[in-house]
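Here the structure comes first, spelled out in structure tokens, and everything after it is commentary.
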Amino acid sequence: MNLPSKEHMQEIVSHLKSADRILLLCHVSPDGDCIGSLLALGRALLKLGKDVSMASEDRVPANLEFLMEPGEILRTEEVSGSFETAVAIDSGDLGRLGDVGTRLFQQAEVKINIDHHNSNPHYGDLNLVEAGRAATGEIILELILHLGLEIDAALAEPLYAAILSDTGGFRFANTTKDTLSKAALLVERGARPNFVSRQIYENKPLGYFKMLALAFKRFTVVDQICYTWITYTEMAEFGLDFEVSEELSTFARMLENTKMSLVFKEKEEGLVKVSLRSQNGYDVSKLAERFGGGGHKQAAGCTINASLDEAISLVLAAAKEVGQQWTG
């Protein structure tokens, strides 16, 4: 039986206060919410004198490196030793932790799952999953306060970045009065809005704009579904890491007179990540679940083991099928 959120929160607070060696893990292809939440909770636990390791299966994207100190976040392959407690942060399902991350999580004595995706199956021993939150960073902020800690600049900035990222700069429908209140509190405690926004959304290399130009040229609209794609060889040619392609979905959802946008990003040959966005209330997480993925109602994703052409054909056919249910 799932306990109410407040009871979940208190149970996790009690456990973290008593635990000594704690491993924090984020999902593959980490984004601002994941990295910001990871850093904030990790630094908070260090303030409590805990032995904390923070790890990511994939490299931290270049535009988020400003949030961390050198060596502060390990790659999961670099993690050694055993842990009393492992905390999965912002990972909608266990597999999103990656192969090594999943193994490390499962080896811990106590497994904690903190997330805001409505498709989360509550895979931890202790689960704090609040689908109504705009970002996992909102939950982590409250958790830190329940731990009895003050929010200083070292905690405020990554938390602000987390919330900024998952609300699309406070533009997405998930932005609430409570979200903005939390952001205001973080600014009061030392987060720098202009600096964080510039680091995340600006300062792009030339290859980034070449990627955008190619993806924009490929924009195709079928039955009010917009889609585009980028290959791993093209990303390498532009000198970009795969994680940079995540931002394509932000632009695809801007196209007028469309109900859904699909961005196909080839991570390697035979492996394609698909980002799904909806502008008119259609639950794209249901579409993502057909392919083993999940996420939010208006923002979801999945990974398909197929060629790029096959992945486009499969997902587009499923999207058209569910598109017949739309009205207006």
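Residue ranges 120-132, 309-321 sort as 120-132, 309-321 when ordered by packing (mean number of other C-beta atoms within 10 Å per residue, highest first).
For the chain, the longest principal axis of the C-alpha atoms and the axis of helix 177-188 are separated by about 60°. Pull out a ≥ b ≥ c, the square roots of the eigenvalues of the alpha-carbon gyration tensor of the stretch 5-200, then state rounded if a/c is under 1.5, prolate if not and a/b is larger than b/c, and oblate in the remaining case. Rounded, because the longest to shortest axis ratio a/c is under 1.5.
Which shape class applies to the stretch 194-270: rounded if a/c is under 1.5, otherwise prolate when a/b exceeds b/c and oblate if not, where a ≥ b ≥ c are the square roots of the Cα gyration tensor eigenvalues? Numbers along the way, then the final one.
Values: a/c = 2.16, a/b = 1.23, b/c = 1.76.
Cα axes put the stretch 194-270 in the oblate bin.
Each of the peptides 28-39, 91-102, 188-199 was scored by the mean count of other Cβ atoms within 10 Å over its residues; in descending order, highest first, they stand as 28-39, 91-102, 188-199. Mean residue ellipticity, 222 nm, helices only, the chain: the sum of -39500 (n - 2.57) across DSSP H runs of n ≥ 4, divided by residue count and rounded to 500, is -12000 deg cm²/dmol. Stokes-Einstein, applied to the Kirkwood radius of the chain over Cα pairs at a viscosity of 1.567 mPa s and 4 °C, places its translational diffusion at 64 µm² s⁻¹. Counting only cysteine Cβ atoms and a cutoff under 4.7 Å, the chain contains unmatched residues 226, 302. The C-alpha atoms of the chain define a longest principal axis, and helix 5-18 lies at about 50 degrees to it. Packing order of peptides 171-177, 234-240, highest average first: 234-240, 171-177 (average count of other Cβ atoms within 10 Å over each peptide's residues). By the beta-carbon count within 10 Å of each Cβ, the least crowded to most crowded order of 267, 286, fewest first, is 286, 267. Of all aspartates and glutamates in the structure, those lying under 16 Å Cα to Cα from residue 259, and not within fewer than 8 positions of it along the same chain, are 223, 283, 321.
Given N residues in the stretch 206-323, what is Rg(Cα) / (2.2 N^0.38 Å)? If you can, show how the numbers build up before the last one.
Working: Rg = 13.1 Å, N = 118, 2.2 N^0.38 = 13.5 Å.
Scaled against compact globular proteins, the figure is 0.97.
Normalising by the residue count of the chain, find the relative contact order in percent from Cα pairs under 8 Å and 6+ residues apart. Walk me through the numbers before you get to the answer.
Working: 626 pairs, mean separation 43.0, N = 328.
This gives 13 percent for the chain.
Throughout, read-outs are computed from the coordinates displayed, never taken from laboratory work. Please read these numbers as outputs of a predicted model, since none were measured by experiment. Glycine also receives a Cβ, built like all others from the backbone with ideal geometry; neighbour counts cover every protein chain displayed.
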